[in-house]
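Take a look at the structure set out below.
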Amino acid sequence: MKLVNKFISVICATMLVSTYAMAGEAKVNWVDPDSYTDIEPGDEPRSRFEARVFKELEEHIAKLAAKLPEGQTLTMDITNVDLAGDVRYMVGPNNATIRVIEDLYFPKMRFKYQLTDASGAKLSSGEEHIKDMGFFNSPGSGMHHENFKYEKVMLTDWFKETFMRDTKQ
């Protein structure tokens, strides 16, 4: 049984590596993040929270771009972020600062994007102002313990609509 499990693990790992080897890539630029509408932390230093937001969203965008054909590059210049929820100060007996997620405070992003092929030729580009006013009811909102899940679902929906319309993915 252990031999079968090892064999299956090796096959899955090989498939995963080959999938990413033939994948598109992403480049994300955070343009003037000090002017963003809302990437306010709760009880965490702003610089650490901002770095965490950027890292999580960059990784998610890279995962999406991996679905593009080999040699294609998605470049995104993100010009505004408004995270789901709102920061509340001095809450509870410990006067904590927390982010409260309510449907009134839906996620929004603004960015410019460009998709290029391996030679650098532009395949598509645009400027987007995306938002998810129904984020509490989104199908992907079941990612219970995922950081910034509402923003990731919103980006996934935009990506699928923009780049995967004509495919079965």
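Brief remarks follow.
- Some residue of the range 118-137 being in a loop (DSSP other than H, G, I, E, B), of a type in the set (A, V, I, L, M, F, W, C) and touching a residue at least 12 places away in the same chain (Cβ under 8 Å): yes
- Look at (1) buried (at least 16 other Cβ atoms within 10 Å of the Cβ); (2) of a type in the set (V, I, T); (3) modelled with pLDDT under 90 and you find that T156 fails only one, number (3).
- For the range 54-66, filtering for residues that are more than 18 Å from E128 (Cβ to Cβ) and in contact (Cβ under 8 Å) with a residue 40 or more places away in the chain leaves 2.
- Remark: pairs (first residue in the range 71-83, more than 17 Å from N29 (Cβ to Cβ) and small (G, A, S); second residue at pLDDT below 95 and surrounded by 18 or more Cβ atoms within 10 Å (Cβ to Cβ); Cβ separation under 9 Å; 6+ apart in sequence or on different chains) = G71/G24.
- Qualifying residue in the range 7-27 (condition: among the polar types (S, T, N, Q), open to solvent by 50 Å² or more (accessible area, probe 1.4 Å) and either at positive phi or at pLDDT 95 or above (or both)): no
- Qualifying residue in the range 74-89 (condition: assigned to a loop (DSSP other than H, G, I, E, B) and aliphatic (A, V, I, L, M)): yes
- Residue in the range 61-84 that is open to solvent by 30 Å² or more (accessible area, probe 1.4 Å) and farther than 20 Å from T162 by Cβ present: no
- All positions within the range 97-114 that are in contact (Cβ under 8 Å) with a residue 24 or more places away in the chain, surrounded by fewer than 19 Cβ atoms within 10 Å (Cβ to Cβ) and more than 15 Å from F148 (Cβ to Cβ): T97, I98, D103, R110, K112, Q114
The values are calculated or read from the model by the stated rules, or taken from the named source; none is laboratory data. As the structure is a computational prediction, the values presented were derived from the model and not from experiment. Cβ sites come from the backbone with ideal geometry, for glycine too, and all protein chains shown count toward neighbours. Keep in mind that these areas ignore ligands, DNA and RNA; they rest on the heavy atoms of the full protein, side chains included. Shrake-Rupley method; radii C 1.70, N 1.55, O 1.52, S 1.80 Å.
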